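Q: There's a structure below that I have some questions on.
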Amino acid sequence: MKDKRKAILQIFVIIALIVLCAFTTLVGFTKAHKGSAQNIKLGLDLAGGVSITYEAVGDDFSDEDLEDTRNMLQKRAEVYSTESSVVIAEGGRITIDIPGVANADEVLESLGKEGTLAFVGEDDVEFDDDSVPSYDEEDIICSGQDIKNAEANIEQDSQTKQKEYVVNLTFKTKGTKKFAKATEEAAPTNKIIYIIYDDEVLSAPTVNSEISNGEAQISGGFSTYDEAAELASMIRIGALPVELKEVQSRVVGAQLGLDAIQSSLLAGAIGFALVILFMLVFYRLPGLAASVALIFYLVLMLVALNGLDITLTLPGVAGIILNIGMAVDANVIIFTRIKEELAKGKTVQTSIKMGFDKALSAIIDGNVTTLIAAFVLYIKGSGTVRGFATTLAIGIVLSMFTALVITKILLNAMYTLGVDDAKYFGVEKQRKPINFVANKGKFFAVSGVLILICAVMLVVNKAGRCDGNILNYGLDFSGGTTFDITFQSDQKVDDDLKKEIETIFEDVSGSNDVVISEISGSNGLSVRTVELSEDQRNEITDTIMETYGVEENNIENENISAAVSGDMRSDAVVAVIIAVICMLLYIWFRFKDIVFAGSAVLALVHDVLIVLLVYAVTKISVGNTFIACMLTIVGYSINATIVVFDRIRENLGSKTSIEAIQDTVNLSITQTLTRSINTSLTTFFMIIMLAILGVESIRDFAIPLMAGVICGAYSSVCIAGTLWFTLKKRFKTGKQRKAQKA
């Protein structure tokens, strides 16, 4: 009786937590509705934001200086949102778009007007009656261009053991030398080095010792972390290579209409219902437990997005919907194990326990490798890459928690309450092992042909496209032209007008890559499309003037750079390479066999190349969603492969003969076949609904993902295990030949 009460209490607590999270998401607390989904920060595409344009002062700057300035402003803007965009326009202008913000003045006050930063010694500064500092230019120790980075941090005082807030400075090579000389002279008498920004003293730290390694720390003057972060921010601003002045600031509306959000949410709801229906039909009682855990996962995800202040874009919405399908994977692995134990004649209670125990290693290894990728991408990436990494990591942690904790509690509670017949859980049918290894040549040939087609298509695209690109790079990657159009006061700016303007741009440019947003506070639209020639710009201007009676001076246009800069792209590539290496090392360490690690990475590369082929053939626009798509495939592929490898490791034991290893591979792939198919199906349910019901930008995200899911299932079943066997056999026979020669 006591156990039954405990079981009822456990179920009640879980349901109560789900209701609480759901209430928080839907309604929130207090009059401000804190915690509700309506308070989640939305990106420019969903809710608009602030657009600020700066212009470089003077003309003594190079294109490289502007690019460096843009990259540094990108990092500054990411303080507000990881989805911020910074682009270079004509005439030395830089435009910053920050989503989720409605008050331009607030951002400008914090962002500041980029001025002059100077480090000046105590003896070289004079103050007037208003405490305004003055100094000679030749007395400047270091300028903003000598600063590499400034970051706020929390450390523990070595003597008092109390928490203190600090700012860590890193100098460039020249700055390191100049700062070392200045601190050497100031240290003996503990003199001050003033940090001055636009005639205002930001900080006046005392020099306690010579600093020769280019790494300094400011401490002791901050009562809160925010104070330290503000100083670090101002130092980073002053470190810009180019001095800027504000030209204009404005609030822009959402780039996508309300119907885009509604259609995506509808797709998610239908896909979610299909996943739950599938789990109930195929897994019976465990499927019910998994469905409850899945609902818990969804509401927890929304609460986490709110609590962690993450900016959500439409691709982010699609990513969450996709994660719902992928979150089922851990449950599928567990339930397959339970059914296998029941087939061996074990009791239901023992089968539940052993099912979770045996599934644990595959779940942990698969998710840890993906977490490694997310961590590296967050550290090395920027913009949408960092935002994607954050959402990915949260999804992984929550899905592991709901599967390993919530599902387990629910199953044990249901068993305690009397649902203890094996028929409610299902019994795995014995299957004759399929000889996958014998067909490895066919599998490798199919993959080889697809990869060859991919290479050919990239070459064909490069030769056939006028821009010489191997893929159809979108606005985020290639830049384009932006138009600001202010209509007459009697012209209604609505969805119908947006569609008419979109058609005009598509007809003239020959591209459907057109992004339109309203300009708040004015009867106008901001339109961004591919780069247009002067004739095309004039044609669009004339058409709009004639059609809508807009005066010429109310139509402004300029070419802009790519939102995803070369540095951001290279950072993303470097991040992926480092992530793959880290995953390889982790798999090597966990499986104690580098052949496992090498095979997993090769299978991953195989999947990425196939998805790249889809982009090349379909001519789908390559933008920020391309990065998110590829990173999703990396996580999905490695996770699917590890499930197969975990079973091979378990079944292999101490077997050493080639025949025994071959039989083990065939048996392991057959045993995990149901999991591979079912996980792919549940994920596919979510993506296919996005492809059917989503707007074009979401469809462009969903189609390659569908290819990635299919390819990931194929590679985990047909490529990964058989490739491991091939390499293992070659490695083993190679060692035998060496032994014979010796």
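The values are calculated or read from the model by the stated rules, or taken from the named source; none is laboratory data. For clarity, every value in this text was computed on a predicted model and none was experimentally measured. Don't worry about glycine lacking a Cβ; one is built from the backbone with ideal geometry, like all the others, and counts go over all protein chains shown. Just so you know, the surface numbers come from the protein's heavy atoms only, side chains and all, with ligands and any DNA or RNA stripped out. Shrake-Rupley method; radii C 1.70, N 1.55, O 1.52, S 1.80 Å.
Q: Does at least one position in region 671-679 carry a residue that is without any contact (Cβ under 8 Å) to a residue 24 or more places away in the chain and either under 30 Å from residue 620 (Cβ atoms) or open to solvent by 10 Å² or more (accessible area, probe 1.4 Å) (or both)?
A: Among the residues of region 671-679, not one is without any contact (Cβ under 8 Å) to a residue 24 or more places away in the chain and either under 30 Å from residue 620 (Cβ atoms) or open to solvent by 10 Å² or more (accessible area, probe 1.4 Å) (or both), which makes the answer no.
Q: Residue 339 - would you say it is of a type in the set (D, E, K, R) and more than 23 Å from residue 429 (Cα to Cα)?
A: The answer is no for residue 339.
Q: Which residue pairs have Cβ atoms closer than 7 Å, lie 6 or more positions apart in sequence or on different chains, and pair a first residue in region 174-202 that is within 22 Å of residue 231 (Cα to Cα) with a second residue that is buried (at least 17 other Cβ atoms within 10 Å of the Cβ) and polar (S, T, N, Q)?
A: 195/203
Q: Next up: Of the conditions (1) closer than 18 Å to residue 217 by Cα; (2) of a type outside the set (A, V, I, L, M); (3) surrounded by 12 or more Cβ atoms within 10 Å (Cβ to Cβ), residue 173 satisfies every one except a single condition; which number is it?
A: Looking at each condition in turn, residue 173 falls short on (3).
Q: Looking only at region 582-596, which residues are aliphatic (A, V, I, L, M), under 27 Å from residue 710 (Cβ atoms) and surrounded by fewer than 22 Cβ atoms within 10 Å (Cβ to Cβ)?
A: Passing the criteria: 584, 595.
Q: How about region 652-670: which of its residues are polar (S, T, N, Q) and modelled with pLDDT of 90 or more?
A: 662, 664, 666, 668, 670
Every residue, every condition in (1) closer than 20 Å to residue 290 by Cβ; (2) polar (S, T, N, Q), yes or no:
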| site | (1), (2) |
| --- | --- |
| 355 | yes, no |
| 378 | no, no |
| 389 | no, no |
| 393 | no, no |
| 402 | yes, yes |
| 429 | no, no |
| 442 | no, no |
| 453 | no, no |
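Q: Okay, next question. List every residue pair whose Cβ atoms lie under 6 Å apart, where the two residues are 6 or more positions apart in sequence or sit on different chains, the first residue falls within region 420-440 and is within 15 Å of residue 337 (Cα to Cα), and the second residue, located anywhere, is polar (S, T, N, Q) and at pLDDT below 85.
A: none
Q: Which of the residues belonging to region 444-499 are at pLDDT 90 or above and not hydrophobic (A, V, I, L, M, F, W, C)?
A: Result: 447, 448.
Q: Condition first: at pLDDT 80 or above and over 21 Å from residue 306 (Cα atoms). Can you find one or more residues in region 78-86 that meet it?
A: Yes, region 78-86 contains at least one residue that is at pLDDT 80 or above and over 21 Å from residue 306 (Cα atoms).
Q: What's the total number of residues in region 337-396 that are over 26 Å from the mean Cα position of the chain (by Cα), among the basic types (Lys, Arg) and open to solvent by 50 Å² or more (accessible area, probe 1.4 Å)?
A: Here the count works out to 4.
Q: What are the pairs, 6+ residues apart or on separate chains, where a residue within region 649-663 that is within 24 Å of residue 366 (Cα to Cα) and part of a helix (DSSP H, G or I) has its Cβ under 6 Å from a residue that is among the acidic types (Asp, Glu) and open to solvent by less than 90 Å² (accessible area, probe 1.4 Å)?
A: Qualifying pairs under 6 Å: none.
Q: I've got another one for you. Name the residue that is farthest from residue 629 (Cα to Cα), counting only residues in region 685-714 that are free of Cβ contacts under 8 Å to residues at least 24 places away in the same chain and open to solvent by 20 Å² or more (accessible area, probe 1.4 Å).
A: 714
Q: Among the listed residues 239, 254, 260, identify the single one that is open to solvent by less than 30 Å² (accessible area, probe 1.4 Å), at pLDDT below 70 and more than 30 Å from residue 55 (Cα to Cα).
A: Residue meeting the stated conditions: 260.
Q: Residue 417: open to solvent by 30 Å² or more (accessible area, probe 1.4 Å), under 29 Å from residue 633 (Cβ atoms) and either more than 21 Å from the chain's Cα centre (by Cα) or not aromatic (Phe, Trp, Tyr) (or both), yes or no?
A: In short, no.
Q: If only one of 682, 722, 733 is open to solvent by less than 20 Å² (accessible area, probe 1.4 Å) and modelled with pLDDT under 90, which one is it?
A: After applying the criteria, what remains is 682.
Q: To continue, here is another question. Kindly provide the set of residues from region 654-699 that are in contact with a Lys or Arg (Cβ under 7 Å, 6 or more places away or on another chain) and closer than 20 Å to residue 430 by Cα, ordered by number.
A: 664, 668, 670, 671, 672
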